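Step one of this worksheet: look at the structure below.
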Amino acid sequence: MAVATKGVLFEYGLTVPPLALVFDFNPQSISRSRTVTIKTGDAPGNRTGYDFLSPLETSRVAQGVEMAAEGFSIDILLDATDKMEKGDPIASQFGVQPQIDTLRSMVEPKAQGPFGVKTLSSLGITGARAFERQETASVLIFAWGLQLLPVFLTGVSQREVLHLPNLMPYRAEINLTMQVIESNNPFTMADKVRQTAMTALNAVSGF
């Protein structure tokens, strides 16, 4: 039986209200994917790749290859049962609705306010008209185990399975899809260092 650990998803920036979610996360429930598109010419010698005779020619061979950003898909369970049994007043009244609404806020556009503070664009707190607001998506940090990656949350799908008498859900199954932000940022650079170290360990171990 796998032991659940904690995962964290939080917004990287100044947001009102702050957006952060801590959840139990089973590492076996994660899917990671990256796609490679191969675009080569129509000449007989390069329909599936350019000719090569040695490792020194691999850069030319890969000229028609484009790599997409890495994507994640994870399933998490939000359950307020333990908190309710301990008498938590928020969980007893609202179940996991606060966590669900936090996730929903993570995929809604934000508007830039004074001093760099961001708010939900739909609130209209900045005072600007809708067509004048600069709306942006949330840059989130997805953390679990030794990994800490900047991502865009591209999808949230929820299935509420148990409800309180007031119809607030206290157990919900959530599917999250994310795209990694692969740029020169401290989180991606640190992850590449970790990845390189783990690759070296794999070579040393012989597996």
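Observations on the model:
- Near Val96, once Lys and Arg are set to +1 and Asp and Glu to -1 for all other residues with Cβ below 13 Å from its Cβ, the sum equals -3.
- The residues Glu11, Glu135, when put in order of fewest to most other Cβ atoms within 10 Å, stand as Glu135, Glu11.
Read-outs throughout are calculated quantities, based only on the coordinates presented, and are distinct from any laboratory measurement. Note that this is a predicted model, so its numbers are computed, not measured. No Cβ is skipped: glycine too gets one built from the backbone with ideal geometry, and neighbour counts run over all protein chains shown.
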